[in-house]
1. Computed from the mean reciprocal separation of all distinct C-alpha pairs, what Kirkwood hydrodynamic radius does the chain have, in Å?
2. Within a Cβ distance under 12 Å of Arg61, other residues only, what is the Lys/Arg minus Asp/Glu net charge?
3. Among Leu32, Leu82, Leu63, whose mean-square fluctuation peaks in a Gaussian network model of the chain (Cα, cutoff 10 Å)?
4. Order of Lys20, Lys67 from fewest to most other C-beta atoms within 10 Å?
5. Packing-wise, with mean Cβ within 10 Å as the measure, how do 40-49, 72-81 rank, highest first?
6. Can you give the relative contact order of region 28-91 as a percent, counting alpha carbon pairs under 8 Å and 6+ residues apart?
7. In whole Hz, with x marking every Gly and Pro, tabulate ³J(HN,Hα) for region 54-65 from phi via Karplus 6.51 cos²θ - 1.76 cosθ + 1.60, θ = phi - 60°.
Amino acid sequence: MLTRFFPSQNKVGGFFATIKEQGAAIDSAWPLAIHYIGEATNTNTARDFLDSKAGAKFGARVLSNMKDTDDIEVGIKRAVALTEFFDENEYA
């Protein structure tokens, strides 16, 4: 797991709001998403991605990948596997 935790700077939009609005456990979802996106991209830009409009779409993808499970970690892993991550400047 990443040793540094990057809290959301956009709690009214992006991934944070998408997950929270659906009643999912944002307290566990956020660090898991930071970890798995960081692992997939080998960068520290996961927070910028999650706080962006793309992060909101990623959140929706996480939720749609939880149709057969209540496990947020499973949804995040599936969403990461289906997501193409681009240049970190796109999320600034």
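1. Computed over the chain, the radius equals 12.7 Å.
2. +3
3. Leu82
4. With the sparsest Cβ surroundings first, the list reads Lys67, Lys20.
5. 72-81, 40-49
6. Result for region 28-91 is 38 percent.
7. Karplus-based 3J(HN,Hα) across region 54-65 equals 4, x, 5, 5, 4, x, 5, 5, 4, 4, 5, 8 Hz.
Values in this text are rule-based calculations from the coordinates and carry no lab data. Everything quoted here is computed from the prediction, not taken from an experiment. Here Cβ is always computed from backbone atoms with ideal geometry, including for glycine, and neighbour counts include all displayed protein chains.
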